[in-house]
1. Calculate one ³J(HN,Hα) per residue across region 206-215 by plugging θ = phi - 60° into the Karplus curve 6.51 cos²θ - 1.76 cosθ + 1.60, and present them in order as whole Hz with x for glycine and proline.
2. Restricted to Cα positions, what overall size does region 5-220 have along the principal axes? Three whole-Å values, descending.
3. Between Ala105 and Thr203, what is 0.36 nm times their sequence separation minus the Cα-Cα distance? Round to one decimal in nm.
4. Of the beta bridges DSSP finds with both residues in the chain, what % are antiparallel, to the nearest 5?
5. Can you sort Val85, Val65, Val124 from fewest to most other Cβ atoms within 10 Å of each residue's own Cβ?
6. Would you mind ranking Phe157, Phe144 so that the residue whose beta carbon has the fewest other beta carbons within 10 Å leads the list?
7. Please list, in chain and number order, the residues 5+ apart from Ile143 or on another chain whose amide H is under 5 Å from its amide H, with Hs placed from the backbone.
8. Charges at C-beta only: +1 for Lys and Arg, -1 for Asp and Glu. How large is the resulting dipole of the chain about its Cα centre, in Debye rounded to 20?
Amino acid sequence: MNPIQIAIDGPASAGKSTIAKILATDLNFVYVDTGAMYRVVTLAAMRKNIVLQDETAVVAVLPDVNISFKPGNPVQRVFLNDEEVTTEIRSVDVTANVSVVSAYAAVRQAMTDIQRNIAADGGVVMDGRDIGTTVLPNAAVKIFLIASVHERAVRRFKENQAKGMDTTLEDLEAAIEKRDYLDSHRDISPLKKATDAIELDTTGLSITEVVDSVKHIIATK
Ligand code: C5P
């Protein structure tokens, strides 16, 4: 397999990271969860008690934020400076605030620079919202994963239950719709299907079926 760049974008909880991680393992590629990076910046700002609507104050946090990943199962381990924040970045609070922070130009520029550096030599599966449109516009394979809001909320509900997180299905549906709206309507690099991306509706499909479909798409490239 040539060390190509594979971009997987789509709305919240569409299964991007699950699919991207399996693909990366099977292809022996590097997996980059760009959503985790925006979550780490959000957590760092929240810990400093910054009003997240204050763009200047949020951007001032960036020099103190060093993000790194380590392999882990079932999820990649994520670090803010030397501290593991894998679980904390998935909290209801961080999830509710991340779209505010990710809309800021300087935050996006800093994350995009890091992401392009990691992907420079190829052999990478990167998932997010703007990978096919902005971060890696020349990626050899671009997938846009979608699924109904209800199905995405049910998947997240089951995950949260397994983690012991107390959330209702209604709250999850509302949170997903709100985050999708904010991510799709921001000025810079909004969530959008790249014109050359292949859309895959995963509603009703198993993880294996989605992975097989993506592998089929890769094979035809
Ligand atoms: O993928 P995940 O749901 O963890 O992403 C969290 C948030 O990070 C998104 O809702 C979005 O606001 C932001 N994000 C982004 N661009 C990306 C990846 C994530 O703006 N490439």
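A short reminder: the numbers here are calculations on the coordinates, not readings from a lab. As the structure is a computational prediction, the values presented were derived from the model and not from experiment. Quick reminder, even Gly has a Cβ in these numbers, built from the backbone with ideal geometry, and neighbours come from all protein chains shown.
1. 3J(HN,Hα) across region 206-215, in whole Hz: 7, 4, 4, 5, 5, 4, 4, 4, 5, 4.
2. Dimensions of region 5-220 along the principal axes of its Cα atoms: 48, 41, 33 Å.
3. 32.0 nm
4. Here the antiparallel bridges make up roughly 25 percent for the chain.
5. Val65, Val85, Val124
6. Phe157, Phe144
7. Long-range HN contacts for Ile143: Ala7, Ile8, Asp9, Ile198.
8. So the magnitude is around 280 debye.
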